[in-house]
1. Could you give the length gained by full extension between Gln75 and Glu31, i.e. 0.36 nm per residue of separation minus their alpha carbon distance, to one decimal place?
2. Apply the a/c threshold of 1.5 to the C-alpha gyration tensor of the stretch 333-377 and tell me whether it is rounded, prolate or oblate.
3. Please compute the length gained on full extension between Ala65 and Asp230, using 0.36 nm multiplied by the number of residues separating them and subtracting their Cα-Cα distance.
4. Within the stretch 57-82, whose backbone N sits under 16 Å from a point 7 Å along Cα→Cβ of Arg112?
5. What distance in nm separates the simple spin-label points at Trp246 and Arg22, each placed 7 Å from Cα in the Cβ direction?
6. Working out 0.36 nm times the residue gap between Thr339 and Thr313, then minus their Cα-Cα distance, what length gain in nm do you get to one decimal?
7. Ordered by residue, what ³J(HN,Hα) values in Hz, to whole numbers, does the stretch 118-131 give under the Karplus form 6.51 cos²θ - 1.76 cosθ + 1.60, where θ = phi - 60° and Gly and Pro are x?
8. From the square roots a ≥ b ≥ c of the eigenvalues of the alpha-carbon gyration tensor of the stretch 301-362, which class results: rounded (a/c under 1.5), prolate (a/b over b/c), or oblate?
Amino acid sequence: MDERQMHELIGGIYECALESGRLPEIGRQIERALGVESSIHFVSEGQTGRMLRLFSASPNFDPDARSDYERYYHQKNPWFQRAVSRVRSASRRGSRLVMRGEELIEEREFARTEFCADWCSRVGIYHMIGCAYPLPGGMLGGSGVHKTRHQGPFSGQEKRLYGLYMRHFARAIEINMRLRIGESPGGVAPALVEALDMGMILVGEDRKIVQANRVADALLSGRRWLTAVDGRLRTVHHGSLGKFAWLVAEAARTGAGRGLSPGSVMRLRDGEGAILPVLIAPFRAEGGPWGALLPTATIMFRDPASGRLPSETAISEIFALSAAESRLVAMLSAGLTLTESARLAKISRNTAKTQLQSVFAKTGHSRQSQLVADVRANPLIAMHRN
């Protein structure tokens, strides 16, 4: 596969993810890219690993095989169950895990499992590269591509290529789930976007604004972090415009099938140094109410005027914090002092200080005020709540 084909595939991943009915197409695209004929993609509960939805499987999984996997063999799948335990570990919390089957379970041990003997032999698979990745609401995504025993195991190069695709696949599925995309012919349901307690702006590769919801309109009018000049979105702080323009262009090119960037969060400053984190991500809509006929990027951020505070669950999932750390951050975000938070949590102030230092290490902050501002404004937390 040459570079142009790779870019087209990644763009196609985002395009399919914008319509829930087209999610199975992603599996077919990844199969073709890796030269295999078997794949499976599903969503499970994060804590128990229980199957919630099998949304894509290749033709070798006939209806009976799919039903049996969902009802029984999913819980017997040593590849996924062992991957889940690794994703849950503190060192990997909140990150994707891409591994070959042989890295999860020794081949002779795998061959003796009920899963291999009964189900894998039935659908004609033996070797696997898989990915487990966290999703909103404490859920966990699972994907895998397969080879027969005769074809032999996957190579390191195939694993790296699969990991690249899954980086974008996981981001696209997350965007689909958070925004519930696909519920209207045009992609994002306008009524849903207007109801969000967050700003959302669609822009072209050149930052020309395609659409902005009411929260975004209010922020642009205030000219505090972002503004519009001649119909193009720009940062108010001139020193950050170059990076912002580059991130937008990269995300838009990815949505168009001409780039590899999955997007990122950028922290914008106003004239007084206040921070507004914004999520910049690939987006490709096919016309409809939003009128986006060309590949675009989406810019999302929490409504700065909202008085609603983030939940402990949202903080834990977004920043990969422990329950105690998330509780402390939630109380600090509510305006309590460290001493008051410690008293409510029934811990000593020194313990609270230790927890706060751990939070700093995990989130990259160095000051409490900076942490609180980022948590209150974080667009991913706003998306989690909505």
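Values in this text are rule-based calculations from the coordinates and carry no lab data. Here the structure is a predicted model, which is why all the values come from computation and not from measurement. Cβ sites come from the backbone with ideal geometry, for glycine too, and all protein chains shown count toward neighbours.
1. 13.4 nm
2. oblate
3. Result for the pair: 53.7 nm of gain on full extension.
4. 78
5. Rounded to a tenth, the inter-label distance reads 3.1 nm.
6. 7.1 nm
7. So the J values, rounded to whole Hz, are 9, 9, 5, 5, 5, 9, x, 10, 8, 9, 8, 10, x, 9.
8. Since a/c reaches 1.5 but b/c is at least a/b, the shape of the stretch 301-362 is classed as oblate.
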